[in-house]
Amino acid sequence: MQDLMKKISSQSSQESSVAHTSKNVQVEVIEPENPSRRALLKAGLLGMGGLVLGFSLPSAQKAYAKTDASSSNSYPVKGWLQLDESGQLAMFIPVSEMGQGSQTAITMIFADELGADYQKVVVKSPINDPLYNNPMFGMQLTGGSTAVRAWWEPMRVIAATLREMLVKSAAKQWQVSAKECEIKEGMILHKPTQRQIAFQHVIDTAKWVQPPKNPTLKKASEYRYIGKSMPRVDTPSKVNGTAVFGIDVQLPDMLIATVAQSPVFGGQVDSYDEQAAKSVKGVKGIVKIPHGIAVVADSYWQAKKGLEKLKPTFKGGDTVGLNTDNIEKRLHDGLNKSGESVKSAQAVTDFEHKYEAVYSAPYLAHTTMEPMNATAHVTDSHCEVWAPTQNQAQSAKVAAELSLHQPEQVTIHTTYLGGGFGRRAFVDYVAQAVTLSMEMERPVKVIWSRPEDIQHDFYRPAAVCKFDVKTDAKGLPLEWQTKVVSDSTMAEFTNGSDTMIDGAMSEGLADQEYQLPNVSLSVVREDMKIPVGFWRSVGHSYTGFFLEGMLNDLAQKAGYDPFDYRRALLKPDSRTAGVLNQLEKLSGWKSKPADNVGRGMAVVESFGSFAGEVVEARLENGQIKVDKVYSVIDCGMVVNPEIVKRQMSSGIIYGLTAALKGKIHFEQGRVQETNFDDYPALTMAETPEIIVEIVKSEKGPGGYGEPGVPPVAPALAAAVSQLTDKIYRDLPLKV
Amino acid sequence: MKLSLVVNNKKYSVEADSDTPLLWVLRDHLQLNGTKFGCGEGLCGACTILLDGNPIRSCSFPISSLKDQAITTIEGVDPNHPVVQAWTKLDVPQCGYCQSGQILSAVVLLDKTSNPTDEDVQSAMKNLCRCGTYPEIKKAVELSTELKRKEA
Ligand code: FES
Ligand code: FES
């Protein structure tokens, strides 16, 4: 996924690849002047004002110049440090916080390198600006478990640059040498005289300081926060109800809308009863949107009642005639196509056994706890958006296009996200809010109902995979053929062609650390015209199940322990082998489980990390009951261990929900599921005990928001196999 | 209808249609946004609030059914309440969206049961969490029980 992201934004990513050095940094100090500050303060989103210290790394310089040349209406708060009106020092943290804890992790890196007092730091989400481009993607986007991986280096360079500028500024005020000064817990100290000054008091003179060309980064031994389980920065507001999510945005004079979109994807509105809808008290407008229609009212309830009276009908669409059966048949038939060859190998003729197996995984919805929503206010001079989005870059682009404004007239404010899981990398809700605000000439917040959210997702594509494996007498592979049939999420994301094949479709199938001989892999694209997108762990969410399932099958057939079978295919010093060894110990694998308990395991490399899981399950009244999940992750060096563990546990629960219950069905081109009753989520009572260990490592940071997901389904399938003596090759698992 | 209601010990009067669920009166009329909308059909618990100390799913509770009960939302929970303390100490929230409802469910559990068993916890805490914070919620309920005992 990252490779493709890089490709699609090649221009900017080339620039951002040099963002790791601080050459040519330029300093700008901006006195903000903001036309709708009151609205913002009301929304509780950005306390504007005060002084902002920012500089751009080379990647962003051009964009900076452009913004500066624009009218005074532009929103100048772009930088890294802000001294706000109350004298508080705030940091702008360039990632969307959707539960994964990245805001906390990046704040820790920033504060540690800067020398700020973590406990006193105020954290803010910046607006859209190339300054905050994710260095791995070259665009402002949070996803792909990249936050710490992408910002680990640049954030320290930024913080070290700021630190040296602040120190020089203090030294100048004291008329001493900067060399005699150091920073401690947010204070700059002049060692010989023991004089101290807070950052706050030197930030305004720091603007005259030439930023250092090569700021000195701290040594790991000097870190005070990195590596420790510091408390999350977002906890206080999330336990007292003040955290502002997209759905909570309030603007003066704002209307609230809700939508009905064509249940057949790509269909059009046919008829509707405008009169009846308008007769509902509070309804202010009926607005057609692409493939749907919106009712705009004073409150959500009035909008919803208006929509019920509007009774829109729809016609046409791209998925007419599709149902679950014919979709699955098409995917299986796809196995007969040759597809695009990713890897090829000579056929082996000298072998002992030959196995083939077909695996499948269904469409899945994300069901973020917060339904899709966004707020926009479009005026003649501006387009301002408040959105719970992972994708500021695309939000800004769409908002500019629709509002006919220049990019610099567009401001995207990022609220907290009530879950992302990849859904909010797409920005359909932003487009709707902008359109509705233009139409109504007022601020409009659009809120989807839950059925609308489930029926208009960008689904994890269904996939089918066939393995043809030849082995020697011991059951170890001599030739390994894989064919996978699925749809392309990147084609959806980049508006690519109907035939585009992307790396995520087969990621994980032929690039794990296993030393498999004579590997061939081909990929068949079946474009069903069903919107597909990134679902926590993307392609790995099904390829992990396929490949690890096949390995468990083969191990069992060959009479191997599944750990030993994998070790036979791995270099002993590989990171996967390291995870296996630690997991074997942690789970007590070598001691026999209780009679009625089934155990299974799997290990998957994804997003720069290696995660292994052992699942213990039982059958209770004919239902699968998961008791325990042991998990080990090697994600390189760790900024906040507790956050890593929580994300693993979160990924395991997300993956279990899918493995046990997740399947989106289609009938006549329409999604059948509507809410949490027919598309359920795991409950507390169904949640197993989860034990997570992190491998000690000094390697570069890997991801951890997604890697917990892929191993859990194959490990669970193997555990249930032990209980029923059946092999499970289709998700969700049905006993 | 004209309605006067007491939320978190404050008196409000609002004008809203009688079939409006209490959730939307709290959010759209009173701008008490801590109570969340998750499903609209009583299935997820994100909208949990208390009526005279009993939990209800406010998305499915029309204001016409109100009978002068005292309403408690997340904004009215004492910041020093053992549940809030435990939630904070254990950093329970991830995305945080379900947590107002979780906290209110836990407040009730603690009020009604001094020493909740696993079954008590599971039957009181039926709120969904898509981030999967259940293991931490369980621990936080235990911790809040302890804190409450110490307070007493
Ligand atoms: S929003 Fe009320 S139960 Fe889900
Ligand atoms: S914390 Fe995200 S839904 Fe519960």
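Would you mention how many residues in the range A:214-244 are more than 7 Å from chain B (Cβ to nearest Cβ) and more than 25 Å from the chain's Cα centre (by Cα)?
Number of matching residues: 11.
When residues of the range B:36-61 are filtered for being at negative phi and more than 8 Å from chain A (Cβ to nearest Cβ), how many remain?
Number of matching residues: 13.
Exactly one condition in (1) surrounded by 15 or more Cβ atoms within 10 Å (Cβ to Cβ); (2) in a helix (DSSP H, G or I); (3) out of contact with any helix residue (DSSP H, G or I) (no Cβ under 7 Å at 6 or more places or on another chain); (4) facing another protein chain (nearest Cβ under 9 Å) is false for B:Lys126; which is it?
(2)
May I ask you to list the residues in the range A:650-705 that are in contact (Cβ under 8 Å) with a residue 40 or more places away in the chain, assigned to a loop (DSSP other than H, G, I, E, B) and under 19 Å from A:Leu580 (Cα atoms)?
A:Val695, A:Ser697, A:Glu698, A:Lys699, A:Gly702, A:Gly703, A:Tyr704
When you scan the range A:260-304, how many residues do you find that are within 12 Å of chain B (Cβ to nearest Cβ) and closer than 22 Å to A:Asp248 by Cβ?
9
Quick check: anything in the range A:413-425 out of contact with any Gly (no Cβ under 8 Å at 6 or more places or on another chain) and either farther than 13 Å from A:Thr142 by Cβ or modelled with pLDDT under 95 (or both)?
Within the range A:413-425 (the criterion being out of contact with any Gly (no Cβ under 8 Å at 6 or more places or on another chain) and either farther than 13 Å from A:Thr142 by Cβ or modelled with pLDDT under 95 (or both)), the answer is yes, since at least one residue qualifies.
Go through the residues of the range B:97-109 one by one and say whether even a single one is more than 13 Å from ligand 2 (Cβ to nearest atom), more than 18 Å from A:Glu689 (Cα to Cα) and touching an Asp or Glu at 6+ places or on another chain (Cβ under 8 Å).
Yes, the range B:97-109 contains a residue that is more than 13 Å from ligand 2 (Cβ to nearest atom), more than 18 Å from A:Glu689 (Cα to Cα) and touching an Asp or Glu at 6+ places or on another chain (Cβ under 8 Å).
Could you say whether any residue in the range B:24-35 is more than 13 Å from chain A (Cβ to nearest Cβ) and of a type outside the set (Val, Ile, Thr)?
No: the range B:24-35 contains no residue that is more than 13 Å from chain A (Cβ to nearest Cβ) and of a type outside the set (Val, Ile, Thr).
Go through the range B:12-39 residue by residue and tally those that are within 10 Å of ligand 1 (Cβ to nearest atom) and touching a Lys or Arg at 6+ places or on another chain (Cβ under 6 Å).
1
Which condition from (1) more than 23 Å from A:Met505 (Cα to Cα); (2) in contact with a strand residue (DSSP E or B) (Cβ under 6 Å, 6 or more places away or on another chain); (3) more than 14 Å from chain B (Cβ to nearest Cβ) is the one that A:Val358 breaks?
Exception for A:Val358: condition (1).
Before we move on, is A:Val398 free of Cβ contacts under 8 Å to residues at least 60 places away in the same chain and either of a type in the set (Gly, Ala, Ser) or outside the structural domain of A:Met505 (by TED's automatic domain parsing) (or both)?
Against the criterion (free of Cβ contacts under 8 Å to residues at least 60 places away in the same chain and either of a type in the set (Gly, Ala, Ser) or outside the structural domain of A:Met505 (by TED's automatic domain parsing) (or both)), A:Val398 qualifies.
Given the structure, is B:Gln69 polar (S, T, N, Q), over 10 Å from the mean Cα position of the chain (by Cα) and closer than 23 Å to A:Met369 by Cα?
Against the criterion (polar (S, T, N, Q), over 10 Å from the mean Cα position of the chain (by Cα) and closer than 23 Å to A:Met369 by Cα), B:Gln69 does not qualify.
Can you name every residue in the range A:389-426 that is within 14 Å of chain B (Cβ to nearest Cβ) and either open to solvent by 10 Å² or more (accessible area, probe 1.4 Å) or in contact with a Phe, Trp or Tyr (Cβ under 6 Å, 6 or more places away or on another chain) (or both)?
Across the range A:389-426, the qualifying residues are A:Thr414, A:Thr415, A:Tyr416, A:Gly418, A:Phe421, A:Gly422.
Check whether at least one residue in the range A:547-567 is within 25 Å of the chain's Cα centre (by Cα) and either small (Gly, Ala, Ser) or not assigned by TED's automatic domain parsing to the domain that holds A:Lys397 (or both), and report yes or no.
Yes, some residue in the range A:547-567 is within 25 Å of the chain's Cα centre (by Cα) and either small (Gly, Ala, Ser) or not assigned by TED's automatic domain parsing to the domain that holds A:Lys397 (or both).
Any residue in the range A:256-271 that is under 16 Å from B:Asn33 (Cα atoms) and touching a residue at least 12 places away in the same chain (Cβ under 8 Å)?
Within the range A:256-271, one or more residues are under 16 Å from B:Asn33 (Cα atoms) and touching a residue at least 12 places away in the same chain (Cβ under 8 Å).
Within the range A:185-218, how many residues are open to solvent by 40 Å² or more (accessible area, probe 1.4 Å) and not β-branched (Val, Ile, Thr)?
17
Given the condition within 16 Å of ligand 2 (Cβ to nearest atom), in a loop (DSSP other than H, G, I, E, B) and in contact with an Asp or Glu (Cβ under 7 Å, 6 or more places away or on another chain), answer yes or no: does some residue in the range B:43-51 qualify?
Yes: one or more hits.
Just one of the numbered conditions (1) assigned to a strand (DSSP E or B); (2) more than 18 Å from A:Ile226 (Cβ to Cβ); (3) at pLDDT 90 or above; (4) not basic (Lys, Arg) is not true of A:Ser96; which one?
Only one criterion is unmet by A:Ser96, namely (1).
Can you pull out every residue in the range A:683-703 that is within 13 Å of chain B (Cβ to nearest Cβ) and either touching a strand residue (DSSP E or B) at 6+ places or on another chain (Cβ under 9 Å) or open to solvent by 30 Å² or more (accessible area, probe 1.4 Å) (or both)?
Selection gives A:Thr683, A:Ala685, A:Glu686, A:Thr687, A:Pro688, A:Glu689, A:Ile690, A:Ile691, A:Val692.
If we keep just the residues of the range B:1-21 that are of a type in the set (Asp, Glu) and within 16 Å of B:Phe61 (Cα to Cα), which is least open to solvent (accessible area, probe 1.4 Å)?
The residue in question is B:Asp17.
For the range B:59-68, indicate whether the set of residues that are assigned by TED's automatic domain parsing to the domain that holds B:Thr133, open to solvent by 40 Å² or more (accessible area, probe 1.4 Å) and more than 25 Å from A:Ser237 (Cβ to Cβ) is non-empty.
No: zero hits.
Select from the range B:85-105 the residues that are more than 16 Å from ligand 1 (Cβ to nearest atom), buried (at least 23 other Cβ atoms within 10 Å of the Cβ) and either within 14 Å of B:Ser144 (Cα to Cα) or touching a residue at least 60 places away in the same chain (Cβ under 8 Å) (or both) and list them in ascending order.
The answer is B:Ala86, B:Trp87, B:Asp91, B:Val92.
Looking at the structure I just gave you, is B:Thr145 away from ligand 1 (no atom under 15 Å from the Cβ), more than 7 Å from chain A (Cβ to nearest Cβ) and either surrounded by 20 or more Cβ atoms within 10 Å (Cβ to Cβ) or of a type in the set (Asp, Glu) (or both)?
Here the answer is yes, as B:Thr145 does meet what is asked.
Between a residue in the range B:126-138 that is on the phi > 0 side of the Ramachandran plot and more than 8 Å from ligand 2 (Cβ to nearest atom) and any residue that is open to solvent by less than 10 Å² (accessible area, probe 1.4 Å) and not in a loop (DSSP other than H, G, I, E, B), which pairs come within a Cβ distance under 7 Å, given they are 6 or more apart or on different chains?
Close Cβ pairs satisfying both conditions: none exist.
Which count do you get for residues in the range B:54-84 that are in contact (Cβ under 8 Å) with a residue 60 or more places away in the chain and either small (Gly, Ala, Ser) or within 16 Å of ligand 2 (Cβ to nearest atom) (or both)?
Total satisfying the criteria: 4.
Let's see how each residue does on (1) farther than 19 Å from A:Met440 by Cα; (2) buried (at least 21 other Cβ atoms within 10 Å of the Cβ):
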site	(1), (2)
A:Val259	no, yes
A:Gly267	yes, yes
A:Asp270	yes, no
A:Ser279	no, no
A:Pro290	no, no
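The values are calculated or read from the model by the stated rules, or taken from the named source; none is laboratory data. Remember, predicted model here, so these are calculated numbers, not experimental data. Note that we place each Cβ from the backbone using ideal geometry, even for glycine, and neighbour counts take in every protein chain shown. Each accessible area value is taken on the protein alone, full model and side chains, heavy atoms only, with ligands, DNA and RNA left out. Shrake-Rupley method; radii C 1.70, N 1.55, O 1.52, S 1.80 Å.
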